[in-house]
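The values are calculated or read from the model by the stated rules, or taken from the named source; none is laboratory data. In this text the structure is predicted, and so the values were computed from the model without any measurement. Cβ: placed from backbone, ideal geometry, glycine included. Neighbour counts: every protein chain shown. To get the accessible areas, we keep the full protein, side chains included, count just its heavy atoms, and leave off ligands, DNA and RNA. Shrake-Rupley method; radii C 1.70, N 1.55, O 1.52, S 1.80 Å.
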Amino acid sequence: MGRAFEYRKATKLKRWGNMARVFTKLGKAIEMAVKEAGPDPSSNTRLRVLIQNAKAENMPKDNIERAIKRAVSKDTADYKEMVYEGYGPHGIAVVVETATDNTTRTVANVRSYFNKCGGSLGTSGSLSFLFDHKCVFKFKAPEELDLEELELEMIDFGVDELFTDEEGNIQIYGSFESYGAIQKFLEDNNLEIVSGEFVRIPTDSKEVTPEQRESINKLIEKLEEDDDVTNVFTNMKDEEE
């Protein structure tokens with residue numbers, strides 16, 4: 001599960017192309033975290049991890065600070081997190097996560113992308129049963145770390161998968177609800193968090209032909225090019241699975 005997600009994320013960042021778009025999406029996430037629990041990373045656990053995420057993506061410190069300042073300003077937009085679900089070409093399920101200050105604009109755009117690519121936007125919650133909502137953390141592996149012992153210890157915190165990735169970092173997958181508990185455990189044990197986020201893992205992936213994959217990727221690309229869209233997940237089977 002974890003390795004498959006890593007591949008999907010890598011292709012997503014490749015499609016995003018320019019870092020400015022990545023920084024825009026990260027900036028929105030930081031603004032929402034600040035509005036929810038304040039601008040102090042020491043007391044705002046979500047903000048603390050988002051700053052780590054931004055650093056992992058090489059987002060300049062000035063950009064991070066500006067996002068925090070915008071969030072405490074009265075003039076900044078209020079973003080809402082909205083999730084849209086539908087079927088893309090060839091019956092592939094697609095879940096679109098957004099952060100928007102204009103839901104009318106966003107839903108109209110998302111619907112148009114589906115329609116233009118031979119898909120259809122469904123009702124909220126209609127496809128949620130096809131995905132497991134998970135949290136995933138990446139942290140630096142300290143010397144002499146016993147992975148089996150750590151995994152056994154973290155089962156009580158909702159962790160269901162733990163492994164070393166290609167960069168030598170440790171990745172942890174757990175239930176959506178376990179985000180705070182896992183983050184606290186890592187910080188209490190002085191394990192340096194590289195990133196932390198939420199993902200949707202398909203419960204069953206669908207095989208597609210190369211031609212079908214190309215048409216589905218066109219929809220994914222259109223969605224991810226929209227500044228309101230933060231994440232796109234599908235149940236299309238990965239090429240490397």
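Of note:
- Scanning segment 85-127 for residues that are in a helix (DSSP H, G or I) and under 27 Å from SER195 (Cβ atoms) gives THR106, VAL110.
- Among residues of segment 47-69, those that are under 12 Å from THR24 (Cβ atoms) and either in a helix (DSSP H, G or I) or among the hydrophobic types (A, V, I, L, M, F, W, C) (or both), counted: 5
- The set of residues in segment 214-241 being out of contact with any strand residue (DSSP E or B) (no Cβ under 8 Å at 6 or more places or on another chain) and not in a loop (DSSP other than H, G, I, E, B) consists of GLU214, SER215, ASN217, LYS218, GLU221, LYS222.
- Selected residue (criterion: nearest to LYS55 (Cα to Cα)) from residues of segment 214-224 that are open to solvent by less than 50 Å² (accessible area, probe 1.4 Å) and out of contact with any Cys (no Cβ under 6 Å at 6 or more places or on another chain): GLU224
- Restricted to segment 52-75, and to residues there that are closer than 21 Å to GLU97 by Cα and more than 17 Å from the chain's Cα centre (by Cα), the residue that is surrounded by the most Cβ atoms within 10 Å (Cβ to Cβ) is ALA67.
- Some residue of segment 110-125 being of a type in the set (A, V, I, L, M, F, W, C) and either without any contact (Cβ under 8 Å) to a residue 12 or more places away in the chain or under 25 Å from ASN58 (Cα atoms) (or both): no
- Members of segment 89-124 that are under 20 Å from the mean Cα position of the chain (by Cα) and closer than 20 Å to LYS206 by Cα: ILE92, ALA93, VAL94, VAL95, VAL96
- Single residue of segment 186-224 satisfying the filter (over 15 Å from the mean Cα position of the chain (by Cα) and among the acidic types (Asp, Glu)) that is farthest from PHE157 (Cα to Cα): GLU211
- The strands (runs of 3 or more DSSP E) found entirely in segment 128-213 that carry 1 or more residues being open to solvent by 60 Å² or more (accessible area, probe 1.4 Å) and either of a type in the set (Phe, Trp, Tyr) or touching a Lys or Arg at 6+ places or on another chain (Cβ under 9 Å) (or both) are 131-140, 159-164.
- Counting only residues that are open to solvent by less than 60 Å² (accessible area, probe 1.4 Å), more than 30 Å from ILE155 (Cα to Cα) and charged (D, E, K, R), segment 225-241 holds 2 of them.
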